[in-house]
Structure formats: C-alpha cells, structure tokens
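Step one of this worksheet: look at the structure below.
None of the figures in this text is laboratory data; all of them are computed from the coordinates on show. As the structure is a prediction and not an experimental result, all values here were calculated from the model. Positions of Cβ are generated from backbone atoms using ideal geometry, with glycine treated the same way; all protein chains shown enter the neighbour counts.
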Amino acid sequence: MTTRKHPFFEKGKGRLFTQRGRFYADFRDYRDVGGKREALKVPGAKIATQDATLAETLAATRLKELQRRRAQKEGRTVAGLPQLTPLEAFASDHLVAKEKAGKVTDGWMEGEELRLARAAAFFGADRDLSSIKVTDVRAWDEALTTRGLGGGSRRQHLNTLSNLYRRAQAEERVIAGYNPVAALMDKPSAGRGEAHWLEVHEAALLLESARLYQPKREDVAMPFAYELIATCLLTGGRPAEVLGLEVDDVSFQRQTVTFRPNDWRRLKTLTSFRTVPLWPQLKEILRAYFPERERMGGGTLLFPSYRTGHEAMLTDVRKMIDAVAKRAGWKARELNLYTFRHTYCAARLQTLDGEAPVATYTVGKELGHGGDSLVKRVYGHLGTVRHRSAVVEYRVQQHRKAKHRDRPVSEWVKALVAVSG
C-alpha cells in the first residue's frame with residue numbers, strides 16, 4: 001500500500017492516501033462523530049476515485065460534515081441535549097441487545113435486521129436519530145408503498161423503527177418521549193380477513209390424499225408427508241413447533257403431545273409451552289410411523305431432514321403440501337401449515353367436553369395462547385358442516401357424501417386410489 005501525506009489537510013486533521021491507484025482519506029481524528037478510514041467515491045459509485053482533484057473535493061466536503069457534527073455535538077452537550085446517535089450504528093447495538101434478551105425467534109430477528117437496514121438505506125446510515133421527523137417517517141412509508149409492500153408489511157417496518165426509538169429513549173439517546181413513528185397519524189394496517197381453513201370433511205380428504213401420496217423421487221422426497229400433515233391437523237401446533245417436535249415429545253402412555261423449547265427451536269411465548277391431547281387418530285398414525293422413524297437414522301427430531309448428511313430441522317415443506325393438495329383439487333400455495341392450525345381450532349371447537357361444547361379457553365390453551373381472546377377474534381371458525389364429536393378426527397369414512405368443490409368426497413377418494421395404483 002502506498003501512503004502519502006497530502007498538503008490539502010491541516011496538520012493533524014487528516015490525510016489523503018492512495019491504495020492501488022485509488023484515493024482514500026483518514027478521518028479517525030473525528031471517530032467520535034463517525035470518522036474513519038473511508039474510500040473517496042462520488043455518490044452512486046462503488047469504488048474510490050482515481051482523480052486527485054476530485055478526491056480533494058470529496059475529502060473537503062466530508063471533513064466539513066464531520067466538523068459540523070462535532071460542533072453540533074459540543075453544542076448539544078452544553079445545552080444538555082442527547083449526544084448525536086447515527087441510525088445504523090445504534091440499530092446494530094439495538095439488534096444485539098434484542099438477541100441477548102432472547103425474547104424473539106431467529107426468524108423474527110432476521111426480519112428486524114432487514115427492516116432496519118431498509119430504514120438506514122432510506123434515511124441515511126449516519127442520520128442522527130433526533131433529526132428524523134414525522135414527515136420523514138411518512139415519506140418512508142410512501143417509499144415502501146411504491147416498492148409494492150402491503151399495509152401489514154409497512155406497519156411491521158414502522159413498528160420495528162418505533163421499537164428502536166423506545167430503546168433510544170431508555171438509553172437517553174433522544175429526549176424523553178421522542179418517537180416520530182408514534183406521532184405519525186393514519187398508520188398503515190393489514191387488511192382484516194378471515195384466515196383460510198378447512199372444513200372437517202376437507203381435512204379428511206386431504207389427509208387421505210397424504211396417506212396415498214407416492215412421491216416421484218423417494219431419494220429426495222420427505223417420507224412422512226402423511227404423518228407430518230396429520231400431526232399439524234391433530235395438534236394445532238405452529239409450523240416451527242411441529243417441525244421442531246422431538247420423538248420424546250410424543251407419549252403413548254400419557255396420550256399427550258408436548259410442545260417445549262429445545263435445541264432446534266424456541267417457542268413463541270411463555271404460554272406456548274403446553275401439552276395437548278394425543279387424539280386416537282394421531283396415535284394410530286404415529287404408532288405405525290415410529291418403527292419407520294427408527295430406520296431413518298439417529299437423532300431426536302420426529303420429522304428430520306438428512307439432506308446435508310446429518311440431522312437437521314425442516315424449514316420449508318411447501319412443495320410437499322402442494323403435491324399432496326393438488327391431487328385433491330387444491331391449487332399450488334392454496335394451503336400451508338397455518339391453514340392446518342386454523343383447521344384444528346375449528347374442529348376442536350366442535351368437540352364435546354362431557355355433554356357440553358368444549359370451552360374456548362381450553363382451545364386457546366391448546367393453541368398456546370394465554371386465554372381465549374384470539375380464539376374468539378381470529379381462530380373461531382364455525383364452519384358450514386357441523387360435526388359434533390368427543391375427539392378431533394378427520395376420517396373420510398364419515399364424510400363420503402359431503403361435497404368438496406362440487407364433487408362428493410367419495411369420488412375424490414376413488415380418483416386418489418386410481419392415481420396411487
């Protein structure tokens with residue numbers, strides 16, 4: 001590396017130097033306001049300039065900005081105001097603190113990081129938190145709309161930034177109560193529509209399709225489509241909860257399935273640690289599956305992946321669900337694991353506890369909620385076909401006359417049998 005002092009700078013204020021013919025500047029004397037060794041490049045360029053005159057201009061502009069920041073910082077200190085806090089740097093500290101707290105999943109942390117990166121790209125990485133106004137936040141929301149993000153996604157972005165400002169207040173990086181996101185009126189919101197779910201007879205047909213499903217390539221396919229879909233439909237677990245179940249979480253003796261945190265995944269909330277009934281139909285399916293699970297290899301997961309050569313937790317089963325659902329008349333991506341969670345709730349609400357309908361509070365606890373409010377507000381589907389039963393089950397024998405997409409279930413079953421040979 002070639003390094004040389006440049007007369008443009010005042011003594012001790014910095015220096016220009018070249019590396020492989022390109023100009024850089026050393027602003028470490030101003031590290032308290034974000035100065036460091038920096039490539040001198042014009043806006044939009046990815047690499048430093050090779051033009052000495054242009055380098056001097058860029059360095060002078062950057063030096064003035066750092067001097068302005070230092071003067072502003074000193075003035076804020078005298079006035080008793082919070083220190084200058086660059087958005088990107090504080091966002092990094094904020095994410096580290098959230099991860100140490102361990103209250104959110106790795107997937108959610110990845111989303112937080114993405115949303116804050118978008119904020120830094122829009123407002124500027126070095127933008128002082130106190131300089132971001134309500135009008136700036138509104139402009140960001142409009143920019144997200146232009147990118148095609150829906151109301152729910154935009155609201156998540158705003159909530160993420162608002163949460164960062166809450167930490168900034170707690171650490172006195174902004175004045176008490178300063179939060180331009182909270183002050184924004186008319187925040188975007190997700191469209192409220194009833195979540196997709198299946199009637200009991202539709203779930204029975206899907207499960208029969210999974211039982212008869214034969215993948216085209218067994219060497220790369222999941223050998224437990226039937227068992228996995230049955231576990232989702234008959235426990236109501238969240239996707240990660242079911243995919244992270246271990247063999248020991250299923251107890252035939254106590255007839256329970258337990259959702260607990262393990263090395264594969266965390267649980268969403270404290271109330272997510274729970275035990276649900278091992279319904280007779282699922283007990284039959286898993287009892288027959290356990291010998292096959294032992295033949296797959298070592299490990300603890302109930303539904304493992306061995307594609308990498310060692311046991312791993314599945315993260316994406318959409319292609320498998322599409323393949324099973326297509327045989328019974330559904331379109332690609334029409335069903336997902338959350339569909340099965342809603343379906344369980346609908347079926348469970350139709351079961352009896354003694355001679356009376358099961359309590360919504362009981363259903364809420366089985367879903368991992370703290371009470372029954374979400375069951376009533378979001379999950380409480382009544383369905384058009386009543387199926388009162390003492391247990392949750394989806395058996396095609398009970399619904400052969402019911403219609404699915406204008407055809408009796410019995411006809412769909414005949415077609416499935418024919419396709420499966």
How far is it, in nm, from the label point at Lys103 to the one at Arg147 when both lie 7 Å from their Cα along the line to the Cβ?
-> 2.6 nm
Overall Cα dimensions of region 328-370, principal axis frame, Å, largest first | 39, 24, 8
Charges only on Cβ, +1 for Lys and Arg, -1 for Asp and Glu: so what's the dipole of the chain about the Cα centre, in debye to the nearest 20?
-> 980 debye
Label region 200-420 by shape, choosing from rounded, prolate and oblate, from the square roots a ≥ b ≥ c of the eigenvalues of the Cα gyration tensor; if a/c is under 1.5 it is rounded, and otherwise prolate applies when a/b is larger than b/c, oblate when it is not.
-> oblate
How would you order 142-154, 312-324 from highest to lowest mean count of nearby Cβ atoms within 10 Å?
-> 312-324, 142-154
Give the span of region 140-274's Cα atoms along each principal axis, as three whole-Å numbers ordered largest to smallest.
-> 60, 35, 32
Relative contact order [Cα under 8 Å, 6+ residues apart], region 87-170, whole percent | 38 percent
If packing is taken as the mean number of other Cβ atoms within 10 Å per residue, what is the order of 410-416, 356-362, highest first?
-> 410-416, 356-362
Once the dipole of region 87-170 is set up with Lys and Arg at +1 and Asp and Glu at -1 on Cβ about the Cα centre, which of Gly152, Ala170, Leu114 lies farthest towards its positive end?
-> Gly152
Can you pull the one-decimal nm distance between simple spin-label points at Ala288 and Ala183, each 7 Å off the Cα toward Cβ?
-> 6.5 nm
Report, for the chain, the % of DSSP beta bridges that are antiparallel, rounded to 5.
-> 95 percent
With label points built 7 Å along Cα→Cβ from the Cα atoms of Asp322 and Arg400, find their separation and express it in nm.
-> 3.4 nm
Percent breakdown of C-alpha pair distances by 10 Å bin, ordered from the shortest bin, for the chain | 4, 16, 21, 19, 14, 12, 9, 4, 1, 0
Quick one: net charge of Leu54's neighbours, Cβ under 14 Å, K/R +1, D/E -1?
-> +1
Rel. contact order, % - alpha carbon contacts under 8 angstrom, at least six apart, the chain = 12 percent
Expected unfolding gain across Phe17-Met296 under the 0.36 nm per residue rule, minus the alpha-carbon gap, is 94.4 nm
Determine which lysines satisfy two conditions relative to Lys187: a Cα distance under 29 Å, and not lying fewer than 8 residues away in the same chain.
-> Lys98, Lys103, Lys133, Lys268, Lys376
So for the chain, taking the charge dipole from beta-carbon charges (+1 Lys/Arg, -1 Asp/Glu), which of Tyr306, Pro180, Gln253 sits furthest toward the positive end?
-> Pro180
If you place +1 on the Cβ of every Lys and Arg, -1 on the Cβ of every Asp and Glu, and leave all else neutral, what size is the dipole of region 15-79 about its Cα centre, to the nearest 20 Debye?
-> 220 debye
Could you state the per residue volume, in Å³, of the convex hull enclosing the Cα atoms of region 15-79?
-> 77 Å³
Please compute the net charge surrounding Arg395, taking Lys and Arg as +1 and Asp and Glu as -1 over other residues with Cβ under 15 Å from its Cβ.
-> 0
Counting helices only, and only those DSSP H runs with n ≥ 4, report the 222 nm mean residue ellipticity of the chain as the sum of -39,500 (n - 2.57) divided by its residues, in deg cm²/dmol to the nearest 500.
-> -14000 deg cm²/dmol
